[in-house]
1. Answer yes or no as to whether Thr98 is of a type in the set (Val, Ile, Thr) and open to solvent by 100 Å² or more (accessible area, probe 1.4 Å).
2. Picking from Asp132, Asp126, which residue would you name as being surrounded by 10 or more Cβ atoms within 10 Å (Cβ to Cβ), modelled with pLDDT of 95 or more, farther than 13 Å from Leu85 by Cα and out of contact with any Ser or Thr (no Cβ under 8 Å at 6 or more places or on another chain)?
3. Quick one: in the range 1-29, which of the residues that are of a type in the set (Lys, Arg) and in a loop (DSSP other than H, G, I, E, B) is modelled with the lowest pLDDT?
4. Hey, which of the helices (runs of 4 or more DSSP H) in the range 52-157, taking only ones fully inside, have at least 2 residues that are more than 16 Å from the chain's Cα centre (by Cα) and among the polar types (S, T, N, Q)?
5. Evaluate the following for Leu32: is it in contact with a Leu (Cβ under 9 Å, 6 or more places away or on another chain), surrounded by 11 or more Cβ atoms within 10 Å (Cβ to Cβ) and either assigned to a helix (DSSP H, G or I) or not polar (S, T, N, Q) (or both)?
6. Residue under question is Ser24, and the condition is that it be over 26 Å from Pro155 (Cβ atoms), under 24 Å from the mean Cα position of the chain (by Cα) and among the hydroxyl-bearing types (Ser, Thr, Tyr); does it hold?
7. Residue check: is Leu149 among the aliphatic types (A, V, I, L, M), within 29 Å of Asp5 (Cα to Cα) and surrounded by 13 or more Cβ atoms within 10 Å (Cβ to Cβ)?
8. Is it fair to say Ser67 is among the polar types (S, T, N, Q), at pLDDT 95 or above and open to solvent by less than 80 Å² (accessible area, probe 1.4 Å)?
Amino acid sequence: MQLLDTTDRRILLALSSAAKRTGSAIATALNLGRNTVQTRMTRLENEVLDSIDRRIPPEVLGYGLLSFVELHVDQRCLGDIAAKLEAIPEVLEAHGLTGSADILVRVAAKDAEELFRVHGQLLHIDGVNRADSALSMAELVPYRTTALLQHSLSPNA
């Protein structure tokens, strides 16, 4: 993936403050050509911006319990484990880690009973040796990139 230039970042920042803005409105606000903005917005939508999937909070689907599960695995099975994780609908994302755990899995569940069931599924994946769970009590800083985007546009960045 190629790095975004200043114009791309300015367009994304304008979109982050009002996602429904038209290309013409953004072009006017940023003093850029309408065609330039439209071409870049199309490229950004196709190559950079996440799908709507990332914007749907699990809570509105009835999955209000969020857990982070650290998996300790046999490294030789990593590819198979990732495929099995992807097949579990309650698994929102999984990241390979350095440190004592090998994979961090973000899990959404409707209640503790369902979380217990999903935890069991994780433990039954061949190559998973141990799973440690931590429940999210509150989201203190929601997922965001706008502050990072603003920072990247500052002269000191």
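1. Values: of a type in the set (Val, Ile, Thr): yes; open to solvent by 100 Å² or more (accessible area, probe 1.4 Å): yes.
When the stated conditions are applied, Thr98 passes them.
2. On the way: Asp126 fails: farther than 13 Å from Leu85 by Cα.
Only one candidate passes the filter, namely Asp132.
3. As a first pass, look at the range 1-29 and keep what is of a type in the set (Lys, Arg): 9-10, 20-21.
Now narrow it down to the ones that are in a loop (DSSP other than H, G, I, E, B): 20-21.
Values: Lys20: 77, Arg21: 82.
Applying the filter and picking the extreme gives Lys20.
4. On the way: elements: 78-86, 112-123, 146-153.
The helices (runs of 4 or more DSSP H) meeting that bar are 146-153.
5. Working: in contact with a Leu (Cβ under 9 Å, 6 or more places away or on another chain): no; surrounded by 11 or more Cβ atoms within 10 Å (Cβ to Cβ): yes; either assigned to a helix (DSSP H, G or I) or not polar (S, T, N, Q) (or both): yes.
Answer is no for this residue.
6. Numbers: over 26 Å from Pro155 (Cβ atoms): yes; under 24 Å from the mean Cα position of the chain (by Cα): no; among the hydroxyl-bearing types (Ser, Thr, Tyr): yes.
No; evaluated as a whole, the condition is false for this residue.
7. In short, yes.
8. Values: among the polar types (S, T, N, Q): yes; at pLDDT 95 or above: yes; open to solvent by less than 80 Å² (accessible area, probe 1.4 Å): yes.
Taking the combined requirement at face value, the residue satisfies it.
The values are calculated or read from the model by the stated rules, or taken from the named source; none is laboratory data. If you're wondering where the values come from, they're calculated on a predicted model, not measured in any experiment. So basically every Cβ, Gly included, is an ideal-geometry build from the backbone, and we count neighbours across all protein chains shown. Surface accessibility is based on the protein's heavy atoms, side chains included, excluding ligands, DNA and RNA. Shrake-Rupley method; radii C 1.70, N 1.55, O 1.52, S 1.80 Å.
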